[in-house]
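Remarks on the structure that follows.
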Amino acid sequence: MLKPDTHYQMSAVPDIEMTLTGTAAAGGVPLYGCDCPACLRAVRNPAYRRRATSAKVKTKSETLCIDCGLMNLAEHYPPGSLDAILLTHFHVDHVQGLFELRWGKGQKIPVYCPNDPAGCADLLKHSGILDFRPIQPFEPLLLKSCTVTPLLLMHSRPCHGYLIERRGYRIAYLTDTVGLPDETLLWLTQHTPDMMILDCSHPPSENKPRNHNDLSIATEIHQQLGIKHTILTHISHDMDNWLIAGGQLAEGIELGHDGMTL
Ligand SMILES: [Zn+2]
Ligand SMILES: [Zn+2]
Ligand SMILES: [Zn+2]
């Protein structure tokens, strides 16, 4: 269940911190015009609101932003504070904040992204202060204080998860995806993450989802890889409603919420 003020310490490596700045499926929670229990709860209590799925990664020497669906990026990343952006893919709910940010001033910001020449609208053509750098899955990127490896995901357009590693501590950030490709499963088996942030847009369902994990698939990935701590993200109001109605998560799996610090 949601625990809006939960704070986790990474005892093994205290100098890397990830904050889930957004945990919503496209449309957010509350969904515009919806009067289901999850949406009404989110209207009444802002702690239950979910905005575009995204995360901030901070170490002593750098700040990274994973995905840019938030429209108030400047409040999360004051000018000069952002070292690099990691984009999972070019769907609108993951890039919309860049349409404003690109016209800013100052140093160019590297934006590592999948090789997807279509991009989103005119973002690649008129990139302003954004320096888009397409990268290949499984080719590690050495940043200032950590190694970031893009992982292939299964989605309706080219999409990367990211494995962030610092001093032997590994965090896997895997959204948007439905299941995981064999290459990624194999890679994660050989480099088991200490913590995994995983797409779980839908509650368990009889129909196989097309673009995003449901809880059955997310649980299977968690158990297959033997992850100690998995946090679900890209949550829809359906998933929230399923939990409100008494749905339970398997051991080691926890629901993410906006502002959660790991
Ligand atoms: Zn709703
Ligand atoms: Zn997507
Ligand atoms: Zn999405």
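Read the figures in this text as sums done on the coordinates, not as results from a lab. Just so you know, these numbers come straight off a predicted model, no measurement behind them. Don't worry about glycine lacking a Cβ; one is built from the backbone with ideal geometry, like all the others, and counts go over all protein chains shown.
See the values below:
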quantity: Positive-pole candidate from Pro114, Ile16, Leu232, dipole of the chain, charges at beta carbon; calculated: Ile16
quantity: Of Lys58/Lys208; Lys144/Lys208; Lys105/Lys144, those spanning more than 32 Å from alpha-carbon to alpha-carbon; calculated: Lys58/Lys208; Lys144/Lys208
quantity: Under 16 Å from Lys228, Cα to Cα: lysines that are on another chain or at least 8 residues apart; calculated: none
quantity: Debye, to nearest 20: dipole size of the chain, +1 on Lys, Arg Cβ, -1 on Asp, Glu Cβ; calculated: 600 debye
quantity: Coil-residue GluC sites (Glu not before Pro) of the stretch 117-209, DSSP, other Cβ within 10 Å capped at 11; calculated: Glu206
